[in-house]
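The next block holds one structure in the form of structure tokens; read it before the comments.
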Amino acid sequence: MSHIKASVLLQAAFGLRREEAMKFQPQAAVRADHIALQANWTKGGRARTVPVTTLEQRQVLEHVMRLVPGRGSLIPAQMSNVEQLKRFEYQTLKAGLRNTHGLRHAYSTSRFDRSIV
């Protein structure tokens, strides 16, 4: 699985913003029942947590943890943030995803739907 695909899967499974997904460091973030996003990964510099409630989320985290050894992030070590962002934009556009922010909205809707059942 590529780093870009893993970032997109995190966006879909957890409602993360693009930058949060790219900067995601599984060794620092993954907890038993949630992921902890560090302040320097998030918009506005505010740390936050997202609950892990589904099997799909756990499977995405397992894939990401296998992909990123040690304390790395989903930005490959040999690339800068800007280089990875450009690769991300190119690859997602090539795959037909013009704007991955919609994944955040889909996550929010599904979480709301699960809460009213």
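The values are calculated or read from the model by the stated rules, or taken from the named source; none is laboratory data. Note that this is a predicted model, so its numbers are computed, not measured. Don't worry about glycine lacking a Cβ; one is built from the backbone with ideal geometry, like all the others, and counts go over all protein chains shown.
Quick one: would you say Val82 is assigned to a helix (DSSP H, G or I) and in contact with a helix residue (DSSP H, G or I) (Cβ under 6 Å, 6 or more places away or on another chain)?
no
Note on region 58-78: residues that are surrounded by fewer than 19 Cβ atoms within 10 Å (Cβ to Cβ), under 16 Å from Gln11 (Cβ atoms) and among the polar types (S, T, N, Q) total 1.
Return yes when Arg71 is assigned to a loop (DSSP other than H, G, I, E, B), over 19 Å from Ala106 (Cβ atoms) and either in contact with a Ser or Thr (Cβ under 8 Å, 6 or more places away or on another chain) or of a type in the set (Lys, Arg) (or both) and no when it is not.
Numbers: assigned to a loop (DSSP other than H, G, I, E, B): yes; over 19 Å from Ala106 (Cβ atoms): yes; either in contact with a Ser or Thr (Cβ under 8 Å, 6 or more places away or on another chain) or of a type in the set (Lys, Arg) (or both): yes.
It is true that Arg71 is assigned to a loop (DSSP other than H, G, I, E, B), over 19 Å from Ala106 (Cβ atoms) and either in contact with a Ser or Thr (Cβ under 8 Å, 6 or more places away or on another chain) or of a type in the set (Lys, Arg) (or both).
Could you say whether any residue in region 85-96 is outside any helix (DSSP H, G or I) and modelled with pLDDT under 95? Yes - at least one qualifying residue is present in region 85-96. Among residues that are part of a helix (DSSP H, G or I) and of a type outside the set (A, V, I, L, M), Arg66 is included. For region 28-49, a residue qualifies if it is within 20 Å of Gln84 (Cα to Cα) and of a type outside the set (A, V, I, L, M, F, W, C), and the qualifying residues are Gln38, Asn40, Thr42, Lys43.
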